[in-house]
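Here is the structure we will look at.
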Amino acid sequence: MKLQQLRYIWEVSKNNLNVSATAESIYTSQPGISKQIRILEDELGIPVFTRNGKHLTSMTPAGEKIIEIAGEMLMQVENIKNIANEYCNQSKGSLSIATTHTQARYALPTVIKQFMQDLPDVSLDIQQGTPVQIAEMVSQGKVDLAIATEAIELFDNLIMLPCYSWDRCILVPKSHPLSKLDQISLSDVASYPLITYVFGFTGRSKLDEAFTSEKLSPNVALTAVDADVIKTYVRLGLGVGIVARMAYDEKTDDDLVAIDASHLFSSSVTKIGIRKDTFLRGYMYEFICLFAPHLTKDVINKAMELKNHDDINALFENISLPQF
């Protein structure tokens, strides 16, 4: 049994059993992958995958368990490399981050700039996706850190570190009736077509909870994953926008009015997700602390030692999160 064979079955499982796509993603040949998988199955005496002709159709029950262990072994191999690299060169390496458009566009730029100035020999890779995709990436060890508001808590093998809380605002053109009110109510907002985030993005669940609690049925006319897209359609007069307050810029968005909505919707918390078995290099601690100064190395290590989400939440109960 070779480590490369375990890598092949793991990568195939993450590429929807498509051997061609797997070969392309890891820069090798399709016949080479197929051959090594067959050799591994012959050695084990059981099939890892079921087949229809030359095509893989599913994982066998035993194969599912084998692939799960293979993923854990490959993660530990990466940890061994990281430990060696940490002692060879503490300020050189790579850091991969998965996040949403809102975080990448509005929350991360100043942090990324400072990090790159402090650690020019660390290469950064930022990938964007849905909250579920982001959480899956870090859960499977494809990236080092996940930064999101939704979905990270769905994965038991992740440590979730709260970074900051944030509120929403209502966006309307300057001539809109809502801009004339001293204070708007949820029913005022619900009386207009709404343009907001796709469900599962950027705290969207908090919006739905608020309307449901007031027994209101808002007309969500248009949804998007990108606050800039939402602002575009608000400008066209197609509806009232609801976005994260951080997404409104007084200079570039001076044709719109941002109305505080903190009294309408409860605050959301953005978190960093890390796999529990990840070996954190020194520059990873530094990035996390730049993004959320209250997350010192000692605090992160305490959280990494805890076994469940409740214990981690208790660790942060008395820590006042910054407001973005």
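The values are calculated or read from the model by the stated rules, or taken from the named source; none is laboratory data. In this text, all values refer to a predicted model and were calculated from it rather than measured experimentally. Methodologically, a virtual Cβ is constructed for each residue, glycine included, from the backbone with ideal geometry; neighbour enumeration extends over all protein chains shown. The protein model used for the area step is the full one, side chains on, heavy atoms only, and it has no ligands, DNA or RNA in it. Shrake-Rupley method; radii C 1.70, N 1.55, O 1.52, S 1.80 Å.
Out of the residues in the range 20-41 that are open to solvent by less than 30 Å² (accessible area, probe 1.4 Å) and within 27 Å of the chain's Cα centre (by Cα), state the one that is nearest to residue 142 (Cα to Cα).
Per the criteria, the residue is 22.
Among 158, 154, which is the only one that is open to solvent by 30 Å² or more (accessible area, probe 1.4 Å), closer than 25 Å to residue 275 by Cβ, of a type in the set (A, V, I, L, M, F, W, C) and at pLDDT below 95?
After ruling out the rest, the residue left standing is 154.
Please enumerate the residues belonging to the range 229-246 that are assigned to a helix (DSSP H, G or I) and open to solvent by 50 Å² or more (accessible area, probe 1.4 Å).
Listed by number, the residues that qualify are 229, 232, 233, 235, 245.
Residues to consider are 249, 310, 298, 254; find the one that is of a type outside the set (Phe, Trp, Tyr), out of contact with any strand residue (DSSP E or B) (no Cβ under 8 Å at 6 or more places or on another chain), surrounded by fewer than 18 Cβ atoms within 10 Å (Cβ to Cβ) and within 27 Å of residue 140 (Cβ to Cβ).
310
Does the range 182-191 hold any residues that are surrounded by 11 or more Cβ atoms within 10 Å (Cβ to Cβ) and in contact (Cβ under 8 Å) with a residue 40 or more places away in the chain, and which are they?
Result: 184, 185, 186, 189.
Taking the conditions exactly as written (of a type in the set (D, E, K, R), over 30 Å from residue 292 (Cα atoms) and within 23 Å of the chain's Cα centre (by Cα)), does residue 72 satisfy them or not?
It is false that residue 72 is of a type in the set (D, E, K, R), over 30 Å from residue 292 (Cα atoms) and within 23 Å of the chain's Cα centre (by Cα).
Can you name the residue in the range 283-295 that is open to solvent by 20 Å² or more (accessible area, probe 1.4 Å) and outside any helix (DSSP H, G or I) and, of all such residues, is farthest from residue 110 (Cα to Cα)?
Top of the filtered list is 294.
Among the strands (runs of 3 or more DSSP E) contained in the range 1-112, which hold 2 or more residues that are at pLDDT 90 or above and closer than 30 Å to residue 197 by Cβ?
The qualifying strands (runs of 3 or more DSSP E) are 93-99.
Of (1) at pLDDT 95 or above; (2) of a type outside the set (Ser, Thr, Tyr); (3) part of a helix (DSSP H, G or I); (4) within 30 Å of residue 294 (Cα to Cα), residue 170 satisfies all except one. Which?
So the condition that residue 170 fails would be (3).
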